[in-house]
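Just below is one structure, and these are the notes that go with it.
The values are calculated or read from the model by the stated rules, or taken from the named source; none is laboratory data. Remember, predicted model here, so these are calculated numbers, not experimental data. Cβ: placed from backbone, ideal geometry, glycine included. Neighbour counts: every protein chain shown. Surface accessibility is based on the protein's heavy atoms, side chains included, excluding ligands, DNA and RNA. Shrake-Rupley method; radii C 1.70, N 1.55, O 1.52, S 1.80 Å.
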Amino acid sequence: MLRTSIIRCSLAALLLAPAAAMAGQYVVELDAPFEAPSDALMQRHGLTVDETLSAGTDSYVVVTAESEDEVRALMETASITPEKISEVLFVNSPVVGGGDPAGSEVRDGHQVFVIERPIPGVGFFGLDKKQKISAGSNAAIAKLGDIIEWDHSYLTGEGTYCVYRADSPDTLREHGALAGAPIGKITPVTQQAH
């Protein structure tokens, strides 16, 4: 009985307490490779860098922050002009669809690519639909063999930023056709997890 009372009191306290800010993840599109500002500046804005995907004039950085406003404030303070900032609503991967995760190293002969897929609302899809999308990608990869590997995808309200490893952009286009996944822009990048 005492335990039940403690649980009820704890739940009531949680419900009545001011909501703490929750961090989110954001993909920032840039027109140059990301050069991280000082640690002090990053800490002041509450940002951490999760991944950089650099390609010269078409680069991306994935950050965790309390809000998009904090991302924008950091970028402005650091004199970085983002082309676009998209909130990540879900991170999809082969595992979500029952497949194996990507290997820890890029295979010989492969390049890392970011594929932008225009799929409005994809980040809001239910888990069942996200699992079907993942399974469809896994099936296409199984047909194509070792010439392609899917690392992960950032799902937003407007579309996806998919990180793949493949021997060529043509392989990515073939994969998209087999999986029924639209392809917008394909960018070869240098990937660095942080």
Which of the residues belonging to the stretch 80-129 are closer than 22 Å to E51 by Cα and basic (K, R)? K84, R107, R117
All helices (runs of 4 or more DSSP H) inside the stretch 39-146 with 2 or more residues being β-branched (V, I, T) and open to solvent by 20 Å² or more (accessible area, probe 1.4 Å): 127-144
With the structure loaded, tell me whether D31 is more than 17 Å from V163 (Cα to Cα) and touching a strand residue (DSSP E or B) at 6+ places or on another chain (Cβ under 8 Å) or whether it fails that test. yes
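Is it the case that the stretch 151-158 has a residue that's part of a helix (DSSP H, G or I) and closer than 14 Å to S93 by Cα?
No, every residue in the stretch 151-158 fails to be part of a helix (DSSP H, G or I) and closer than 14 Å to S93 by Cα.
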Pick from the stretch 139-194 the residues that are in contact with a Pro (Cβ under 9 Å, 6 or more places away or on another chain) and among the acidic types (D, E): which of them is farthest from A36 (Cα to Cα)? E149
Out of all the residues in the stretch 145-154, is one or more in contact with a Ser or Thr (Cβ under 7 Å, 6 or more places away or on another chain) and among the β-branched types (V, I, T)? yes
Residue tally, condition without any contact (Cβ under 8 Å) to a residue 40 or more places away in the chain and closer than 14 Å to A177 by Cβ, over the stretch 141-158: 3
Scope the stretch 170-194; condition assigned to a loop (DSSP other than H, G, I, E, B) and either within 15 Å of A142 (Cβ to Cβ) or not charged (D, E, K, R) (or both); matching residues: G180, A181, P182, I183, G184, H194
